[in-house]
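Here the structure comes first, spelled out in structure tokens, and everything after it is commentary.
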Ligand SMILES: [Fe+2]
Ligand SMILES: [Fe+2]
């Protein structure tokens, strides 16, 4: 039990850092006039906030009391600022982060939650794991378009508010990751 709580806390910290990092990466992309990439970073930051919500729910169901995220996560803005480079490097940074999360962190956390029969945490880890894999794929796709100097198309981007999946172009009839209906997809606007 103790390790599931710690894993949820570690995931909450990781997601909060990733969310803030992507917001800053989006600002940097705007500075470079790479608006489609900024749009993807904004969508992914929103997707990470879905994971935060799910992990918080899982954590409060285990410790049976509401939780204040700020007590668990202390964000060091300066440390995150230090990671902001040019957009091409920022995409590589994002790909590395997502890969670590879905290949190692969430994979292990999900296993451990399953072993301990913590179903809510297991599902939260599983959904995040699957979504991070998609995030990694999309960042990789955009990185290739950028480095091959191909033109970006104007895309619409949608995020599933249940699992944090990201769809580009159009909404699927149901979410391929969490099976929920398309009504849970939110269109992400550039602000
Ligand atoms: Fe992600
Ligand atoms: Fe979903």
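Miscellaneous remarks
- Counted residues, region 9-47 - those being in contact with a strand residue (DSSP E or B) (Cβ under 8 Å, 6 or more places away or on another chain) and within 14 Å of residue 136 (Cα to Cα): 4
A quick yes/no check of all residues on (1) touching a strand residue (DSSP E or B) at 6+ places or on another chain (Cβ under 8 Å); (2) within 16 Å of ligand 1 (Cβ to nearest atom):
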residue	(1), (2)
143	no, yes
148	no, no
155	yes, no
179	no, no
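- Selection from region 132-157 of residues that are surrounded by 12 or more Cβ atoms within 10 Å (Cβ to Cβ) and in contact (Cβ under 8 Å) with a residue 40 or more places away in the chain: 134, 135, 136, 138, 139, 140, 142, 143, 146, 152, 155, 157
- Among residues of region 62-83 that are modelled with pLDDT under 90, those with a beta-carbon under 8 Å from a residue that is surrounded by 11 or more Cβ atoms within 10 Å (Cβ to Cβ) at least six positions away or on a different chain give the pairs 66/60; 67/56; 67/59; 67/60.
- Scanning region 160-172 for residues that are free of Cβ contacts under 8 Å to residues at least 60 places away in the same chain, assigned to a loop (DSSP other than H, G, I, E, B) and either within 16 Å of ligand 1 (Cβ to nearest atom) or touching a helix residue (DSSP H, G or I) at 6+ places or on another chain (Cβ under 6 Å) (or both) yields a single hit, 171.
- Enumeration of residues in region 106-125 that are surrounded by fewer than 20 Cβ atoms within 10 Å (Cβ to Cβ) and closer than 18 Å to residue 164 by Cβ: 107, 120, 123
The values are calculated or read from the model by the stated rules, or taken from the named source; none is laboratory data. Keep in mind that this is a model prediction, so the values were computed, not measured. FYI the Cβ positions are ideal-geometry reconstructions off the backbone, even for glycines, and counts take in every protein chain you see.
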